[in-house]
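Working notes, beginning with the structure itself.
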Amino acid sequence: MPEIIRVESLVKKFGEFTAVAGIDFNIEAGEIFGFLGPNGAGKTTTIKILATLLKPTSGKATLAGYDVLTHPNEVRQSIGMVFQDQSLDDRLTAEENLWFHAMLYDVPNSVFTERMEQVLKLVDLGDRRSSLVRTFSGGMKRRLEIARGLLHHPRVLFLDEPTLGLDPQTRNAIWHHVRRLRDEVGTTVFMTTHYMDEAENCDHIAIIDHGKIQAVDTPAALKRMIGGDKVIVGGVGSDADLEKDLAAKYNVEVQKVDSEFHFQMQSGAEFVPRVVSDFSGRVRSIQIKQPSLEDVFLRLTGHAIRQQEGSAIDAMRQGVQLWRSGGRR
Amino acid sequence: MKALKVIYTIWFREYKTFMREKGRIVAMIGQPLLYLLILGKGITAGMSLKGSSDVDYLRFMYPGIIGMSILFTSIFSSISIIWDREFGFLKEVLVAPVPRWAVAVGKCFGGATIAMIQSVILIVMAPLVGISLSVLMIVELLILSFLISFAVTSLGVIIASRMQSMQSFQMVMNFLVMPLYFLSGAMFPMSSAPTWMKPLMMADPLTYGVDALRNVVFSETMIVVAGNVQQPLVEVARTAGLIRWSLSFDVAVMTASAMLLAVAGAWVFSKSN
């Protein structure tokens with residue numbers, strides 16, 4: 001697969017504050033690439049640099065072969081953008097918002113109607129095209145923004161926290177649309193999120209914290225880093241020797257948590273029958289837990305991702321602040 | 001070609017969203033009525049203009065009210081850039097592959113169009129204050145409205161591009177819009193203003209706009225002066241110093257201001273984030 005985005009030692013400082021501290025990554029065409037990290041990790045700043053809305057302090061970024069610094073217009077034409085906080089005119093109808101976008105992105109009139117039907121169908125808003133955006137729910141607005149971002153057939157679609165502040169049902173629906181988009185249209189999707197469970201949907205994930213990329217890989221490979229599944233064995237009665245025996249038998253480090261014994265083991269599921277036969281009669285229960293991205297994040301950064309359910313207002317405030325500091329350059 | 005398309009698109013959105021805001025249209029009709037019927041009639045009943053008792057205050061004030069309405073409407077149009085910024089829509093425009101100066105120019109055309117609609121509403125009220133209308137005069141008034149509004153909207157774009165929140169709007173009203181209005185000669189003639197104020201009034205571009213509006217508005221009305229002689233209002237006003245310059249001079253100054261401010265507005269907007 002050819003590369004569509006290449007980022008080399010990218011740095012962005014706002015005065016004394018370093019938002020992005022020298023990051024490198026490549027994104028292949030046609031994949032869903034996720035930026036996973038807590039709020040303030042530098043995700044939005046990176047997106048804004050790639051979208052030519054902010055100039056990097058140093059480093060280089062190219063998108064579809066165009067340098068973001070020297071060819072901003074070509075870059076802008078190649079991307080679709082869905083911002084963290086909404087950017088629709090809610091006094092216009094869905095159709096008018098799309099028309100406005102088509103005009104700015106030079107989508108010819110002859111294909112506009114067809115494209116509009118196409119993108120509205122993709123996000124299931126076909127029957128609401130003549131409604132004022134003001135009457136839309138948060139999820140519908142987000143879907144309309146995704147549709148708008150696709151109208152000019154961009155090479156890359158940027159989704160900055162696309163599911164922030166949405167209910168779980170809408171979040172699932174948006175993911176459904178994003179995957180459909182990748183499969184049916186072949187658009188590269190670059191998204192940011194701080195929801196661990198959502199990051200699982202990405203082909204590749206970059207874990208970012210304090211402006212630095214800690215790791216880039218597939219979700220599965222990242223989880224393999226943890227060193228296998230977590231096996232939790234519960235003993236029968238007060239079997240004082242079980243901890244010692246488990247450690248000796250499988251050559252693992254056993255941790256006693258409450259009355260259960262925890263240890264790491266590659267392919268834990270296949271390991272269950274062995275434990276049952278080896279410790280027949282001494283084992284009351286066995287649980288296998290696959291490592292989550294949460295565990296990966298913890299391992300890489302030494303702290304848990306701040307699971308704040310950031311409200312839309314918070315996100316907007318943060319966006320506005322970044323926006324302002326950008327303006328003061 | 002691309003720039004023209006952008007200007008048209010931005011203009012069309014301004015126009016479309018304006019037409020959907022019924023409250024703004026009501027305000028557009030209500031505000032000048034308030035000024036003309038209450039302030040104008042009230043002042044006319046209480047006093048006469050110094051040294052020009054033949055021109056009643058209401059007639060004197062009418063072109064000033066047109067100027068004021070254009071000023072307020074235009075500033076409001078351009079300030080919408082700040083709304084767009086606060087509500088996020090500005091980002092959709094800024095991330096698009098379009099020249100930003102064209103966006104600013106589109107805004108100016110949008111503001112000017114809305115101001116022209118405002119002027120039409122005011123022109124319809126002319127008979128209320130004893131002013132005669134002609135088709136030529138209406139056309140001239142519309143062109144003048146466009147010109148004045150284009151200049152003021154451009155000025156608004158310059159300010160709005162640098163302003164981050166709606167909170168500072170009150171400051172703009174107090175320290176820019178109101179002084180521009182008071183110094184324009186809309187409420188009182190420059191001839192009777194204190195000496196120290198005259199240079200300030202000369203420096204206010206709106207002064208020339210209001211002067212131009214008086215040139216046009218007074219052109220079709222005849223009034224009766226001492227000795228039962230009928231005289232064109234425009235002549236009486238000129239003699240009394242209520243009109244200072246010729247229409248062509250006023251238009252020249254306004255055009256130059258509009259161009260200068262538009263270029264500055266486009267430049268400041270394209271530098272802003």
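On the beta carbon distance between B:T195 and B:T255, with R0 = 51 Å, the FRET formula returns roughly 0.95. Rolling a 1.4 Å probe over the protein heavy atoms leaves A:H204 with an accessible area of roughly 60 Å². Per-residue 3J(HN,Hα) values for the stretch A:34-40, derived from phi via the Karplus relation 6.51 cos²θ - 1.76 cosθ + 1.60 with θ = phi - 60°, read x, 9, 10, x, x, 4, x Hz in sequence order (x marks Gly and Pro). Basic side chains Lys and Arg get +1 at the Cβ, acidic Asp and Glu get -1 at the Cβ, and with that the dipole of the protein assembly as shown about its Cα centre reaches some 1400 debye. Restricting attention to chain A, close to 65% of DSSP beta bridges with both partner residues there are antiparallel. Comparing Cα centroids, the stretch A:232-294 and the stretch B:1-76 end up 82 angstrom apart. Expressed as a whole percent, the accessible area of the protein assembly as shown that falls on carbon and sulfur atoms is 58 (1.4 Å probe).
Contact order for the stretch B:10-104, expressed relative to its length and based on alpha carbon pairs under 8 Å spaced 6+ residues apart, stands at 20 percent. Relative contact order, whole percent, for chain B stands at 26, derived from Cα pairs under 8 Å and 6 or more residues apart.
With K and R counted +1 and D and E -1, the other residues having a Cβ less than 12 Å from that of B:V216 yield a net charge of -3.
Applying a DSSP loop filter and a limit of 14 other Cβ atoms within 10 Å to the GluC sites (Glu not before Pro) in the stretch A:233-293 leaves A:E253.
Any idea what the relative contact order of the stretch B:139-273 is, in percent, if you count C-alpha pairs under 8 Å spaced at least 6 apart? That works out to 39 percent.
Karplus-based coupling profile of the stretch A:236-248, in residue order and whole Hz: 8, x, 10, 7, 5, 8, 4, 4, 4, 5, 4, 4, 5, with θ = phi - 60° in 6.51 cos²θ - 1.76 cosθ + 1.60 and x standing for Gly or Pro.
The mean number of partner chain beta-carbon atoms within 10 angstrom of a residue's beta-carbon across peptide A:204-214 is 0. Within the full protein context, the accessible area of A:R274 is estimated at about 120 Å² for a probe radius of 1.4 Å. With θ taken as phi - 60° and the Karplus curve 6.51 cos²θ - 1.76 cosθ + 1.60 applied, the whole-hertz 3J(HN,Hα) list for the stretch A:263-273 is 7, 8, 8, 4, 5, x, 4, 6, 7, 3, x Hz, x standing for glycine and proline.
Estimated from helices alone, the mean residue ellipticity of chain B at 222 nm is -22000 deg cm²/dmol (sum of -39500 (n - 2.57) over DSSP H runs with n ≥ 4, per residue).
Annotation: amide H-H contacts under 5 Å for B:I223 (H modelled 1.01 Å from N, sequence separation of 5 or more, or interchain): B:Q231, B:L233. Build a GNM of chain B with springs between Cα atoms under 10 Å apart, and of B:T73, B:T153, B:T17 the one that fluctuates most is B:T17.
Summing charges over neighbours of A:V276, with a neighbour being any other residue whose Cβ is under 14 Å away from its Cβ, gives +2 when K and R count +1 and D and E count -1.
Considering only A:G15, A:G42, A:G138, the mean-square fluctuation computed in a Gaussian network model of chain A, springs between alpha carbons under 10 angstrom, is largest for A:G15.
Sum up the charges of everything whose Cβ sits under 15 Å from the Cβ of A:S267, counting Lys and Arg as +1 and Asp and Glu as -1, but leave A:S267 out. Neighbourhood net charge equals +3. Ligands, DNA and RNA excluded, the heavy atoms of B:S149 present near 0 Å² of accessible surface to a 1.4 Å solvent probe.
The values are calculated or read from the model by the stated rules, or taken from the named source; none is laboratory data. Computed from a prediction, not measured in an experiment: that's the story for all the values here. For neighbour counting, all protein chains shown are included, and Cβ atoms are generated from backbone atoms with ideal geometry for every residue, glycine included. Surface areas here come from the heavy atoms of the whole protein model, side chains and all, with no ligands, DNA or RNA. Shrake-Rupley method; radii C 1.70, N 1.55, O 1.52, S 1.80 Å.
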